[in-house]
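Accompanying notes for the structure given below.
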Amino acid sequence: MKNKNPRKMGGPPGKNKRGSSKFSMNRDPFFSNSKRRKKDEDEVIESEEEELDGGILNSGGESGEEEEEELEPEETAEEKRQRIAKELVENLRKREKELEDEEDEEGERVFEKEGERDSFVAKKLMQQQLEDSGRLRRAIATRVQKPESVDGFEILVKHRQSVTAICLSDNDSKGFSASKDGTILHWDVDSGKAERYQWPNEEILRSHGSKNPEGRATKHSRNVLALSVSTDGRYLASGGLDRHVHLWDTRTREHIQAFPGHKGPVSCLTFRQGSSELFSGSFDRSIKIWNVEDRAYMSTLFGHQSEVLAIDCLWQERVLAVGRDRSMQLFKVHDESRLIFRSSTSSLECCCFIDNSEFLSGSDDGNIALWGIQKKKPVYIVKNAHALSTDVNNGELKDRGRNYNGHIASSWVSSVGVCRGSDLAASGAGNGSVHLWAIEGAGKGIRPLYDLPLIGFVNSLAFAKSGKFLVAGVGQEPRLGRWGHNSAARNGVAIQRLKLL
């Protein structure tokens, strides 16, 4: 039976929808010769653009420029690195030229000095690159003079409760400190003038990304345990018992972002040098990676079987972390691998990079260990580095700590610090002194230098890049608990000026 509907059969090829006229290729604009028409259209479009350029765009003035600026491509990461490198070289050249102009005002031998200046800049950049990569170590420990009894630690900034964390800006002119009561202070190293960071209310915190900021610990939710400042000095990160990583603007001292995600207190923070990557360690046994420029979460590192207590990072994408699982782990973020270093102690309390191949750690049994990347056991151990001492003035025992896991809390090595790119290190505990050490390499070990008296629990240490001063965060109690108490200690930030030969 034939279908009378021509549309279902496809219809005759020579008819259109009405079926009245035949299909012609000459009438179809696709097959027609429209070069002249396209040329005319192009001319019309160009004339319209000329009218727009002459009329609306010129009358608007600034609007056209703004649109052009918006259409410009954004700067890539490679272009940014090249721009920063060129600026660094130009700044070094200008600095050397100014020094030469001061020495020789007549300006003789211009061309020879320019060549010498370029070679000097190249040597300086090469030396800086070797120091940053860890292949060249500055000899500062042998230049440190023995501090006199008068030139001891001075309280630079006062806190109401024990100081839990301190950090210095990249140029060593500003410092940051936090305490158990949630106070964050921004202070000047020379004058000691401090400014306080104001915590926003709960509504603002929620708008910045916070989720249930109070949580279970409603009374001590603002207890800050960790601080870290970015290399460019723009951002300050803080973490504590509220299980969030908070981001602050150092220029305005305002809260700008809260990163949720950790299921336990945030115990440690560190920025990767020269980048916007932030690493946070927590009691939930994980390490999370954040990008502060994009305000975004990046990844999570797993490996520890107990609480993560301290982390550190240099220029490379490598994170050093210690915890209560008796291990120190080196995470290679780019390779998605890790190295595990085992310790015989019950808990590793602190750690820091010496360079890319050597690390330093302190434990709750009073030992300080030197590690190398080639061995999974400590290369050198200083046993009982912070033994309980007596006060020279009145002969009283300085220990007011409790016995925990077989060790006195006052003798725990609670903090270690290294002057970046050098052989000078320091360690702190609650026994009443800060020890300076000379790191002689994996083959020779660690050599003691001087003891600097400081009453209280030294919960954090930070060296100046030049090695000219050492900053310590001290309190009446340890950083992560109340296993010990020293009522004679003063809560605050203490500074020790070091004289170099």
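When the stretch 348-366 is examined, which residues are found to be in a loop (DSSP other than H, G, I, E, B), farther than 21 Å from Gly421 by Cα and open to solvent by 10 Å² or more (accessible area, probe 1.4 Å)?
Asp365
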Of all the residues that make up the stretch 284-303, how many are open to solvent by less than 10 Å² (accessible area, probe 1.4 Å) and closer than 30 Å to Ser422 by Cβ?
4
Quick check: anything in the stretch 80-102 among the basic types (Lys, Arg), modelled with pLDDT under 55 and either surrounded by 11 or more Cβ atoms within 10 Å (Cβ to Cβ) or not in a helix (DSSP H, G or I) (or both)?
no
As an exercise: evaluate His255 against (1) surrounded by fewer than 22 Cβ atoms within 10 Å (Cβ to Cβ); (2) assigned to a loop (DSSP other than H, G, I, E, B) and give the number of the one condition it does not meet.
(2)
In the stretch 307-342, the residues that are open to solvent by 20 Å² or more (accessible area, probe 1.4 Å) and part of a loop (DSSP other than H, G, I, E, B):
Glu307, Trp315, Gln316, Glu317, Arg324, Asp325, Arg326, Val333, His334, Asp335, Glu336
In this structure, does Asn384 turn out to be open to solvent by 20 Å² or more (accessible area, probe 1.4 Å), touching a helix residue (DSSP H, G or I) at 6+ places or on another chain (Cβ under 9 Å), in a loop (DSSP other than H, G, I, E, B) and farther than 22 Å from Thr231 by Cα?
yes
Looking at the stretch 170-208, which of its residues are touching a His at 6+ places or on another chain (Cβ under 7 Å) and among the charged types (D, E, K, R)?
Lys174, Glu195
Of the residues that make up the stretch 264-271, is at least one out of contact with any helix residue (DSSP H, G or I) (no Cβ under 8 Å at 6 or more places or on another chain) and open to solvent by 40 Å² or more (accessible area, probe 1.4 Å)?
no
Filter the stretch 192-201 down to residues that are part of a loop (DSSP other than H, G, I, E, B) and open to solvent by 60 Å² or more (accessible area, probe 1.4 Å), then give me how many there are.
3
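Which residues, counting only those in the stretch 457-489, are in a loop (DSSP other than H, G, I, E, B) and closer than 14 Å to Asn431 by Cα?
Gln476, Glu477, Pro478, Trp483, His485, Asn486, Ser487, Ala488, Ala489
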If you go through the stretch 122-167 one residue at a time, how many are touching a Lys or Arg at 6+ places or on another chain (Cβ under 7 Å), open to solvent by less than 60 Å² (accessible area, probe 1.4 Å) and at pLDDT 70 or above?
4
I need a count of the residues in the stretch 142-191 that are over 19 Å from the mean Cα position of the chain (by Cα) and in a loop (DSSP other than H, G, I, E, B).
20
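The values are calculated or read from the model by the stated rules, or taken from the named source; none is laboratory data. Just so it is clear, the structure is predicted and the values come from calculations on it, not from any experiment. Virtual Cβ from ideal backbone geometry, glycine too; neighbours counted across all protein chains shown. Side chains included, ligands, DNA and RNA excluded: accessible areas come from the protein's heavy atoms. Shrake-Rupley method; radii C 1.70, N 1.55, O 1.52, S 1.80 Å.
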